[in-house]
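The values are calculated or read from the model by the stated rules, or taken from the named source; none is laboratory data. Since this is a predicted model, take the numbers as computed values, not measurements. Methodologically, a virtual Cβ is constructed for each residue, glycine included, from the backbone with ideal geometry; neighbour enumeration extends over all protein chains shown.
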Amino acid sequence: MFSIKKEKKAQQWVNKKEEEGLNNVDGNLTGPLKLEGKDKIRNLLIIGRTGGGKSALANVLSDSDEFEESARSVSKTRTFQKKEFEWNGVKYRVVETDKIGEGINFMPEGISRILFVVDGVFTKEIATFIFENDIVEYTTIVRTKFGDFKNKDECEKDKQLLEKSGSIAEIVKFCSIIYVDNPPTNIIFSDEDDVEQVKNNRKRRTRSKTILLNHLETVCQGKYYN
Ligand SMILES: Nc1nc2c(ncn2[C@@H]2O[C@H](COP(=O)(O)OP(=O)(O)O)[C@@H](O)[C@H]2O)c(=O)[nH]1
Ligand SMILES: [Mg+2]
């Protein structure tokens with residue numbers, strides 16, 4: 001639950017940001033960014049519940065199938081798995097982990113961005129986790145399995161609903177939210193329909209990748225978590 005103390009902390013944080021004059025453009029904080037060289041690797045830490053789509057997202061970003069995706073209920077996420085890739089001449093390292101603390105230890109250069117995968121309802125627990133760990137500024141909420149991800153109006157409607165939802169509203173206002181859909185491409189073909197389905201799913205993944213990396217290009221400017 002969101003305690004009064006937490007809400008106070010949240011409010012203080014918001015006040016501080018407003019005093020600093022940081023504006024909230026399209027959900028992204030713009031502030032005095034410390035620009036780093038292009039060679040500096042940007043670490044992306046993917047966190048979120050089991051089955052939310054962390055491995056799928058890691059594969060989509062790094063154009064691979066090395067992260068094991070599973071529709072089964074038992075977690076397939078290894079405690080820590082990483083892969084490097086490049087986008088528009090910038091190097092990234094994507095890391096999937098269950099434990100945020102471990103992720104930090106494995107990345108000496110620090111974390112450029114935390115990708116918090118949310119595949120359904122944005123709960124108070126998620127908001128509390130983000131506040132408790134003081135990661136509001138470094139977090140992008142990646143809403144996976146969002147069928148209408150290509151439709152700007154639908155994404156905007158969802159965002160507006162979240163911004164009106166009580167104690168999680170402030171978090172939503174200050175974290176960026178990106179909508180994607182990364183449907184499975186590891187289906188065992190039974191017929192022609194499956195072949196078509198996978199073709200289409202690949203296209204959706206490519207589109208999701210572009211949306212997310214365009215966003216990361218603007219927010220990962222050497223702003224590190226630690
Ligand atoms: N339709 C759809 N399915 C997804 C999406 N992301 C993941 N999945 C599927 O959801 C299941 C769990 O995904 P996985 O990446 O293994 O979750 P993890 O436990 O968080 O690593 C797999 O069957 C994925 O193919 C998505 O954005 N859309
Ligand atoms: Mg996984």
* Within region 128-147, work out how many residues are out of contact with any strand residue (DSSP E or B) (no Cβ under 8 Å at 6 or more places or on another chain) and under 25 Å from LYS209 (Cα atoms). => 3
* Asked: Exactly one of (1) in contact with a strand residue (DSSP E or B) (Cβ under 6 Å, 6 or more places away or on another chain); (2) more than 19 Å from ASP148 (Cβ to Cβ); (3) of a type outside the set (Lys, Arg) is unmet by ILE168. Its number?
  -> (1)
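Yes or no, residue by residue, for (1) of a type in the set (Val, Ile, Thr); (2) outside any loop (DSSP other than H, G, I, E, B); (3) modelled with pLDDT of 95 or more; (4) within 25 Å of GLU156 (Cβ to Cβ):
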site: LEU45; (1), (2), (3), (4): no, yes, no, no
site: ALA56; (1), (2), (3), (4): no, yes, yes, yes
site: LEU61; (1), (2), (3), (4): no, yes, yes, yes
site: SER64; (1), (2), (3), (4): no, no, yes, no
site: PHE67; (1), (2), (3), (4): no, no, no, no
site: SER75; (1), (2), (3), (4): no, no, no, no
* Structure fact -> Scanning region 120-153 residue by residue, those among the β-branched types (Val, Ile, Thr) and more than 13 Å from the chain's Cα centre (by Cα) turn out to be VAL121, THR123, THR128
* So which helices (runs of 4 or more DSSP H) stay within region 112-221 end to end and still have 1 or more residues that are within 16 Å of ligand 2 (Cβ to nearest atom)? -> 192-219
* Structure fact -> Within region 77-111, the count of residues that are within 16 Å of ligand 2 (Cβ to nearest atom), loosely packed, with under 15 Cβ neighbours inside 10 Å and at pLDDT 90 or above comes to 0
